[in-house]
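Notes follow once the structure below has been shown.
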Amino acid sequence: MDASELLKRYAEGERDFSEVVLERVKLFGTSVIGANLNQANLNRATLIGIGLAKTIFRGANLS
């Protein structure tokens, strides 16, 4: 999944993104507050200035 699809689905009210592949995604100055990113693959993702309050990263790959 790329950044635009993630943000579109988030804007539509989706919050469960568990196990999605977000490798190398670039998110700047946006928000995914309250999203479920359990077991998501965020390998080499760039997350700068984004709202992450109450976002769940249990078991996510953040390397």
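Just so it is clear, none of the values below were taken in a lab; they were calculated from the coordinates. Since we're looking at a predicted model, the values are computed, not measured. Neighbour counts are summed over all protein chains in view; Cβ atoms, including those assigned to glycine, are modelled from backbone coordinates with ideal geometry.
Summary of values
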{"item": "Filter result (over 15 Å from Asp16 (Cβ atoms) and either surrounded by 12 or more Cβ atoms within 10 Å (Cβ to Cβ) or small (Gly, Ala, Ser) (or both)) within the stretch 42-57", "result": "Leu42, Asn43, Arg44, Ala45, Thr46, Leu47, Gly49, Ile50, Gly51, Leu52, Ala53"}
{"item": "Positions within the stretch 5-49 being touching a Phe, Trp or Tyr at 6+ places or on another chain (Cβ under 7 Å), among the β-branched types (Val, Ile, Thr) and part of a loop (DSSP other than H, G, I, E, B), in sequence order", "result": "Val32"}
{"item": "Count of the stretch 1-31 residues which are among the hydrophobic types (A, V, I, L, M, F, W, C) and under 16 Å from Asn61 (Cβ atoms)", "result": "8"}
{"item": "Scan of the stretch 5-19 for residues that are closer than 17 Å to Leu52 by Cα and either out of contact with any strand residue (DSSP E or B) (no Cβ under 7 Å at 6 or more places or on another chain) or surrounded by fewer than 14 Cβ atoms within 10 Å (Cβ to Cβ) (or both), ordered by number", "result": "Leu6, Leu7, Lys8, Arg9, Tyr10, Ala11, Gly13, Glu14, Asp16"}
